[in-house]
C-alpha cells in the first residue's frame, strides 16, 4: 500500500470519483490551471478538461450558489473554498439554501453538494488564512460537517461526501496537507459519515479531538506511554452530527476526558461534546471534563511568537493529558 | 555561544524540506543573511540564509536528507562571543536546552499520599457508584490521585484484589487454622473502633443488598429518634370482649352497606383520638427550649409492605367517625401498597398508632415516630382466662403498648392517657355510634 500525504489522498478521492461518475465536477478559485493554491486539484484539469474543473471568479457566494443550482439539477459538485476563512460570503447559500433544500421542498429536491475548505493555522497564515470556522456551522441540521485527520480517512470520507445526497462541509486542516502521511489503499472504499474512530486504545484517560490536534494527542500519548500512562484517543471525524454513541463509550471507558481542538474554546465543538458526556456519563466520570483549545481571541496572530502562543502543540497537549492522568 | 540554525518554513502548508546542497562547511566564516544551503520542498526551492554572523561549527543534516521544519540543521559560533574558545562539545552541552525534559519532570507524580490530603474525602461520581455497587467502604481504599484522591482505577483495583469481598484475614485466624470457620465469623464485629463499624466482612455466598432510598430514610429516622428521644415504655391490657362481639355483629352489614371492611383498628384509633383530646400533651413535640402542643390531631398509621414501612397520616382524625376512620385507613393502606402515596399523605402526623397485632405480636416496644411525642401499638387480640368479679372467665384481651419521649411526657400522664383509652374501649357496645 502506498504511503501518501493527506493532500494527495484528497486529490486521489476527487480523481476517483470524477472517473466513476461524470456528474462529479470541481469548481473554485484557481482550481483549474493552477491546480489549487495547495495543489489539491493538481492534474484534474488535464485529465477532465475545463468543463469539469472550473475556475471561478473571486466570489464565494457564487461558487456555492452555482454549485447548489447544479446539484439541484442532478450534478455532484465539489466546490472548493480556497481558505475556510473565505467561506463567510457563502454562509447564506450554505445555511439557508443547501442545508434546508430537502426539508423545505418536502423531499422533492435535494442537494448533493460537497464544499471543501482548508482550515486551521500553524502555517504562518495570519488572520485571513488560519481560521477554524467549524463551530459556525455545527448547529445546522441538514448540513454535515466532516473533518478527517489522516490520509486514509480523508480519502474514504471525501468519497462518501461526494456520494452523499445532501450537502457536506469537508474541512481539511491545511497543516496536515503535507505533514501527515499514511497508507492509503488504491481501492475504491468509502467510510461512513457520522462515525468517530478510536485511533488509540487506552485505559487511563480519554482524549477526544479532530484535525491537526489529534496528531498532537497521538504524539503526546506515545510519550505518556513511556511514563506508564495509557491514553484512549477518539477521532471525531464527523463534527456534525456528532457520533454520540462513540463519545459516550470513549468517555465511559476511563472516566477522565480531555477534549482538544484548535478552534476557540468558548462555543467550540468541545462544548457540545462535553455536554453529551455530562448528559450521559455522570456516574462514569472520575474527573471534571477538561477542554484544551485555542484562546478566545479574535484571530490567529501574524507575529510568530504570538502564533505559537495561539497554536496548540504536542507539549501543551502532553501537559494537559498528564495533568488529567494524575488527577 | 553557538547559535542553532533551523530548517525554515518555506511557504504555507510546507512542513519539511530536503537539503539539496550545503553552501558552507565547518570552519567557514559567514555573515548574517549569507546563503547556507539550498533546500527543496514540494512547493519551492530556496536558499537558507544565515541568521547570525560567525563561524560554522557543526553541520547536523547531511545533503539529501529530508527533515521537518524547525529541525536543527547547523550551528554557528557567533563572532565576538565570550565563549569563543571553549571546546565545541562543552558549548553544545551548555547551550542545548536539556533535550530530555520528560525524564526529568515526569516521575514527579504525587506520592500516593497516605497522609490523606484534602481530596481524599471527595469522591467522583464514578467512584461513588462503584463503591455503592460493590459495597465498598472507601475509607479502606488507598488513593493514588492528586492529593491522595481515590480514583476510579483505585476502586477497580481494590475490587480486583478482592477488597470488596473480605477484610484482610485477621492475624489470629491465620495462626489457628483449625478454627478457621469460627474465626472468620467471630473477630470482626465487637472490638472495631467506632468509625470502622461498617467494616463488616462479606463471606463468599453472602448476598449484598444495596440500600434503597426508602430503607435509608427509615434507618436514618429510626437512629435519629432513638438517639434524640429518651424512650420510656409502658403497657396496659384491655378487655375488648364487648368490642369483638359488637364488631362481629355489624361487620358484614357494614361491608355490604359501605363497601369497606370494618376492622378493629378504627375503634382503637377512635378511642386514642378521644383520649388525646383529654390529654393533649401526648399530641405534642419537643422543640428544644419549648414543647409545642399540636392543635390538629393527625394520626400516623404504620403500613408495612414487603420491604419497607410507611406511615401515612389520617388528617383531622378527631373529626372522623368510626366509619370515616375505616374508610381513611382502607384508602391509605391501598395507596401505600400501590405505591401511590403523596408527600402530603405522609406528612403532618402528630401521634402514631401501630397495628402490630395484625402480624400476631402480643408485645412490642415501638420506636417513636419523631418528632412526635409518643407511639401506641395495638397488639393481637387473644382469648385468655382472666379474673372478673373474682371469677375466672375467658375474655378477649389486647395489650396496648406506649413508647413515650420522656423529655415531654412522664409516666403519670401516660398512665392516665392509657387508662382513658382502656376505659373507652371497654365501654364499646351496641350503643356505640359508627357514623
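Read-outs: derived from the displayed coordinates by stated rules, not from any lab. Here the structure is a predicted model, which is why all the values come from computation and not from measurement. All Cβ positions, glycine included, derive from the backbone under ideal geometry; neighbour counts span all protein chains shown.
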Angle between the Cα long axis of helix A:6-20 and the longest principal axis of chain A, 0 to 90 degrees, nearest 10? 40 degrees
Alpha-carbon centroids, segment B:206-275 and segment B:311-341: separation in whole Å: 12 Å
Given C-alpha coordinates of segment A:212-282, what is the ratio Rg to Rh with the Kirkwood estimate of Rh? 0.96
Quote the relative contact order of segment A:211-262 in percent (integer), defining contacts as alpha-carbon pairs under 8 Å separated by 6+ residues. 42 percent
Square roots of five times the Cα gyration tensor eigenvalues for segment B:362-402, Å: 30, 10, 6
Descending packing, highest mean Cβ count within 10 Å first, for B:328-336, B:132-140 is B:328-336, B:132-140
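P(r) tail for segment A:185-323, what percent of Cα pairs lie past 25 Å?
26 percent
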Which whole number of Å³ per residue matches the convex hull of the alpha-carbon atoms in segment A:83-140? 71 Å³
Relative contact order (percent) for chain A, with alpha-carbon contacts under 8 angstrom and 6 or more residues of separation? 17 percent
Honestly segment B:341-435 on the Cα gyration tensor test (a ≥ b ≥ c root eigenvalues; a/c under 1.5 rounded, otherwise a/b vs b/c for prolate or oblate) is just prolate
When the Debye formula is applied to the Cα atoms of segment B:16-55, each taken as the same point scatterer, what base-10 log of I(q)/I(0) results at q = 0.16, 0.17, 0.33, 0.34 Å⁻¹? -0.39, -0.44, -1.07, -1.10
Convex hull (Cα only) mean projected area of segment B:311-357, reported in nm² to one decimal: 3.5 nm²
Mean per-residue count of partner chain Cβ within 10 Å for A:252-261 equals 2
Any chance you could give the angle, 0 to 90 degrees and rounded to 10, that helix A:314-325 forms with the longest Cα principal axis of chain A? 50 degrees
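Can you compute the helix-only [θ] at 222 nm over chain A? Use -39500 (n - 2.57) per DSSP H run of at least 4 residues, normalise by all residues, nearest 500 deg cm²/dmol. Each step should come with its number before you reach the end.
Numbers: 11 runs with 111 residues, N = 327.
Result for chain A, helices only: -10000 deg cm²/dmol.
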Once you treat every alpha carbon in segment B:191-313 as an equal point and sum by Debye, what is log10 I(q)/I(0) at q = 0.10, 0.14, 0.23 Å⁻¹? -0.60, -0.97, -1.50
Which angle from 0 to 90°, rounded to the nearest 10, does the C-alpha axis of helix A:60-72 make with the longest principal axis of chain A? 70 degrees
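Based on the alpha-carbon gyration tensor of segment A:185-238, what equivalent-ellipsoid semi-axes (square roots of 5 times the eigenvalues) come out, in whole Å, largest first?
24, 12, 10
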If one computes the Cα centroid of segment B:128-144 and of segment B:364-397, what distance in Å separates the two points? 47 Å
How well do other chains shield peptide A:314-321, expressed as the mean number of their Cβ atoms within 10 Å of each residue Cβ? 1
Output ordering of B:422-428, A:288-294 (per-residue mean of other Cβ within 10 Å, highest first) is A:288-294, B:422-428
Residue-averaged beta-carbon neighbours from other chains (10 angstrom radius) around B:144-154: 4
Given the protein assembly as shown, report the % of alpha carbon pairs whose separation exceeds 44 Å. 55 percent
In whole angstrom, the spacing between the Cα centers of segment B:21-58 and segment A:1-39 equals 36 Å
If eta is 0.692 mPa s and T is 37 °C, what Stokes-Einstein diffusion coefficient results for segment B:213-254, Kirkwood Rh from Cα pairs, in µm²/s? 230 µm²/s
Find the Cα radius of gyration of segment A:52-187, compare it with 2.2 N^0.38 Å by division, and give the number to two decimals. 1.04
Please report the relative contact order for segment A:72-126, taking Cα pairs under 8 Å with a sequence separation of at least 6, and give it as a percent rounded to a whole number. 54 percent
Hull surface over four for the Cα convex hull of segment A:263-327, reported in nm², is 5.1 nm²
Cβ neighbours within 10 Å, averaged per peptide: list A:28-35, B:263-270 in order, most packed at the top. B:263-270, A:28-35
Compactness ratio of chain A: Cα Rg over 2.2 N^0.38 Å, N = residue count? 0.97
Where is the GNM fluctuation largest for chain A (alpha-carbon springs, 10 angstrom cutoff): A:238, A:254, A:213? A:254
Please state, to two decimals, what the Cα-based radius of gyration of segment A:22-97 comes to when divided by 2.2 N^0.38 Å (N = residues). 1.04
